[in-house]
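Shown next, in structure tokens, is the structure this report addresses.
The values are calculated or read from the model by the stated rules, or taken from the named source; none is laboratory data. These numbers were taken from a predicted model, which means no experiment stands behind them. Cβ sites come from the backbone with ideal geometry, for glycine too, and all protein chains shown count toward neighbours. To get the accessible areas, we keep the full protein, side chains included, count just its heavy atoms, and leave off ligands, DNA and RNA. Shrake-Rupley method; radii C 1.70, N 1.55, O 1.52, S 1.80 Å.
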Amino acid sequence: MASKILAQLILSTTTLFSRVFLSAYKQALNNAKSNGSGRTINHSITSYRKKMKPDEAMKILNVDKLNKDIIEQQYKKFFDSNDPKKGGSFYLQSKIYRAKEALDNELSKPNINKQT
């Protein structure tokens, strides 16, 4: 008798959890289709990937002019001095890399007033 009650209890609990799981899964699919939760994640990623502005990049690399040679020289100097293997900061090295990337993008733009 006790085994019959236990079997019914296990069966009803399993059925209940299956229904709850299925309902939650359907709701998640509906949210994804209506762009509910996906929109928030995409917004977070987009706001994180904002490009560095050229004036900020020039401050990081300590340059006054958009000159490719000076930018390259400053980049190498700061990038090498912040090498984590030499006790430097990976964060600063990343900022330096992104600063050079931003200035290279600025230099490659056509028809801008470049300071020489």
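May I ask you to compute the full-extension gain from Leu6 to Asn105, defined as 0.36 nm times their residue separation minus their alpha-carbon distance, rounded to one decimal in nm?
28.7 nm
Could you please put Asp55, Asp83, Asp69 in sequence from largest to smallest accessible area, using a 1.4 Å probe?
Greatest to least solvent exposure: Asp69, Asp55, Asp83.
Between Asp55 and Thr14, what is the label-to-label distance in nm when each label sits 7 Å out along the Cα-to-Cβ direction?
Each label point lies 7 Å from its Cα, and together they span 6.8 nm.
Sorting check: for 26-33, 74-81, which peptide has the highest mean count of neighbouring beta carbons within 10 Å, and how do the rest follow?
The packing order, highest mean first, is 74-81, 26-33.
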